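The values are calculated or read from the model by the stated rules, or taken from the named source; none is laboratory data. Fair warning: this is a prediction, and the values are worked out from it, not measured in the lab. Note: ideal-geometry Cβ built from the backbone for every residue, glycine included; neighbour counts use all protein chains shown.
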């Protein structure tokens, strides 16, 4: 689509967006895109990052591709843009087949101006081929801190985005994030080739937020939270918790106290989460008790309170979450109630993700010991080697970046198909060989009461056809509305690029990478405790972490108000581990389930109540010892298991 370079950014801001002036940093980012063709925007949550790609999208000819993991943000922004006559769409896993096909048609025709996509979409070769034929004026990467494996929210699919942008020959690159330390800023700039003068950092100081730290032991926390919500002026709020079960329990407790509260977490159905978001967004006093996923991409300016019932997992997460309060500039309160008794839970999440060397060795032997081109079920692969899904994807991405393998387009190994008319009726819509071909697909399939199960590879073998022809036929029938399809059994294609890889060296490399990440995540948790107990201005401490200096004490934190540092309430000394777990009983269950509990780290996960594919497969979650040491620090439990 044509651009509008004859109009100044100020003119487009006024005429297309109805705004009188730019917010801090926005004009500088737009200028950097003009001068350097690359920019980084580090703005606090609610600082107006989206305009930094929406406005340039209207100036330059071609399409702007926005990479974001936030479906809520995509939906809200597309509604806003379409309301202003701007052709915008998204491609993500929530779209129906027909919706995705319509978006692809707009991409091919050039009628789209802005396309939002999830990062995993770039593993799809067909999509990359479509993008390769498009004129991409701007490639914008939201949540860009995810590209840094030393950042607080590393996502493996982000690691390849910089190479993808170069391969597509995009004209301009824009990275955006709300939280980035100086080290992460350096990572982002190096990856995307952004000059240092193209990095616009507006600062993290929010003078309208009172940073309160009121560490409270878990048994007293419910009463403390309810009291604060009752005593303060009513206002929209978020209560952040660590666990889904805590979200449900605390929301129920607040509702019983007469406080309008609902839970929000990843274990809920999509429509239920959407209902909670809308209930909260449209109110000036409702409270959501949520895990960390809540609030990302939701534009709500009048949040008066953000409470951390449990400790946040790090200073980056804390800064991002409190940034959802007071976007309208009015005074708001953000308060930490969590205390030292939350540390073990947070640490256990970090430790629980680290794979054992044996698991990594088994994984490498499985993917590198066969033919050069292969496909796998990531679910089956992770289950076979006791590696969690995100950790597995990270390991495979590391192998790709090392040049050991190359990922291809994922595909579905199976389809369930429900004809909406008789098979003879379907075949009758075609003539000659095509009619016989359609009929033969269903003859070769496994028939249920209403649904046919089709394995395209198996059917192709029976019919002497190419697998792609089977898939194309099923897709066409669904596209015409003659059948209903459900794809199943997702598989990932790979090509091995090294003839005889050194498995021992790769195991050591991957173990080092995961070990460093584990150490860094534990250090992040310690920094939160340090913020709470800091003997000085807490706002200054937080800002210094992001490389920003405060000239004088802020006057709006607990230390500035009280003149003294907070003291964490003491924890009771727990009983020795031997008094809680009988070693003989543990040895017996280990001997019975060697594949799930043969390694000390696996045993520590089991005792701390952490799930893993092997523990789930062995149905050990209901064993009396499962979670017997929940609340104890993983490092202590691991050392005890290693001593045997």
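Taking residue 360 as the residue in question, decide whether it is assigned to a helix (DSSP H, G or I) and touching a strand residue (DSSP E or B) at 6+ places or on another chain (Cβ under 9 Å).
On the way: assigned to a helix (DSSP H, G or I): yes; touching a strand residue (DSSP E or B) at 6+ places or on another chain (Cβ under 9 Å): no.
So residue 360 does not fit the description; no.
Take residue 134 and decide whether it is closer than 30 Å to residue 282 by Cα, outside any helix (DSSP H, G or I) and either at pLDDT 85 or above or assigned by TED's automatic domain parsing to the domain that holds residue 397 (or both).
No, not satisfied.
Within the range 114-136, how many residues turn out to be in contact (Cβ under 8 Å) with a residue 60 or more places away in the chain and in contact with a strand residue (DSSP E or B) (Cβ under 6 Å, 6 or more places away or on another chain)?
Selection size over the range 114-136: 4.
Anything in the range 26-59 that is under 25 Å from residue 547 (Cα atoms), more than 25 Å from the chain's Cα centre (by Cα) and buried (at least 21 other Cβ atoms within 10 Å of the Cβ)? List them, or say none.
26, 29, 30, 32, 33
Do the conditions hold for residue 303, that is, is it buried (at least 21 other Cβ atoms within 10 Å of the Cβ), at pLDDT 95 or above, closer than 29 Å to residue 519 by Cα and in contact with a strand residue (DSSP E or B) (Cβ under 7 Å, 6 or more places away or on another chain)?
no
Only one of (1) farther than 29 Å from residue 517 by Cβ; (2) outside any helix (DSSP H, G or I) fails for residue 194. Which number is that?
(1)
Out of the helices (runs of 4 or more DSSP H) lying entirely within the range 392-492, which hold 1 or more residues that are closer than 25 Å to residue 381 by Cβ?
456-463, 467-479
Return only the number of the condition from (1) touching a strand residue (DSSP E or B) at 6+ places or on another chain (Cβ under 9 Å); (2) surrounded by fewer than 18 Cβ atoms within 10 Å (Cβ to Cβ); (3) not assigned by TED's automatic domain parsing to the domain that holds residue 214 that residue 528 does not satisfy.
(2)
Determine which member of the set 19, 95 is in a loop (DSSP other than H, G, I, E, B) and closer than 20 Å to residue 270 by Cα.
95
Looking at the range 474-495 only, could you name the residues that are over 17 Å from residue 450 (Cα atoms) and out of contact with any helix residue (DSSP H, G or I) (no Cβ under 6 Å at 6 or more places or on another chain)?
If the condition is that a residue be over 17 Å from residue 450 (Cα atoms) and out of contact with any helix residue (DSSP H, G or I) (no Cβ under 6 Å at 6 or more places or on another chain), then 475, 476, 479, 480, 489, 490, 491, 493, 494, 495 are the ones that fit.
Report yes if residue 127 is surrounded by fewer than 19 Cβ atoms within 10 Å (Cβ to Cβ) and either more than 23 Å from the chain's Cα centre (by Cα) or assigned by TED's automatic domain parsing to the domain that holds residue 53 (or both), otherwise no.
Answer is yes for this residue.
If you check residue 592 against the conditions, is it surrounded by fewer than 20 Cβ atoms within 10 Å (Cβ to Cβ) and either touching a residue at least 12 places away in the same chain (Cβ under 8 Å) or in the same structural domain as residue 307 (by TED's automatic domain parsing) (or both)? Quick ask: steps written out before the conclusion?
Numbers: surrounded by fewer than 20 Cβ atoms within 10 Å (Cβ to Cβ): yes; either touching a residue at least 12 places away in the same chain (Cβ under 8 Å) or in the same structural domain as residue 307 (by TED's automatic domain parsing) (or both): no.
Spelling it out, it is not the case that residue 592 is surrounded by fewer than 20 Cβ atoms within 10 Å (Cβ to Cβ) and either touching a residue at least 12 places away in the same chain (Cβ under 8 Å) or in the same structural domain as residue 307 (by TED's automatic domain parsing) (or both).
So, restricting to strands (runs of 3 or more DSSP E) that lie completely within the range 204-288, which ones have at least 2 residues that are in contact (Cβ under 8 Å) with a residue 40 or more places away in the chain, under 20 Å from the mean Cα position of the chain (by Cα) and surrounded by 13 or more Cβ atoms within 10 Å (Cβ to Cβ)? Quick ask: steps written out before the conclusion?
Values: elements: 209-213, 236-240, 261-264.
Filter on the range 204-288 gives 236-240.
Does the range 380-390 include one or more residues that are assigned to a helix (DSSP H, G or I), in the same structural domain as residue 482 (by TED's automatic domain parsing) and more than 29 Å from residue 500 (Cβ to Cβ)? If you could, list the steps in order and put the result at the bottom.
Within the range 380-390, the first condition is being assigned to a helix (DSSP H, G or I), and the residues that meet it are 380-385, 389-390.
Among the residues that remain, those that are also in the same structural domain as residue 482 (by TED's automatic domain parsing) are: none.
Within the range 380-390 (the criterion being assigned to a helix (DSSP H, G or I), in the same structural domain as residue 482 (by TED's automatic domain parsing) and more than 29 Å from residue 500 (Cβ to Cβ)), the answer is no, since none of the residues qualifies.
Given the criterion free of Cβ contacts under 8 Å to residues at least 12 places away in the same chain, buried (at least 18 other Cβ atoms within 10 Å of the Cβ) and part of a helix (DSSP H, G or I), identify the matching residue among 541, 514.
Details: 514 fails: free of Cβ contacts under 8 Å to residues at least 12 places away in the same chain.
After applying the criteria, what remains is 541.
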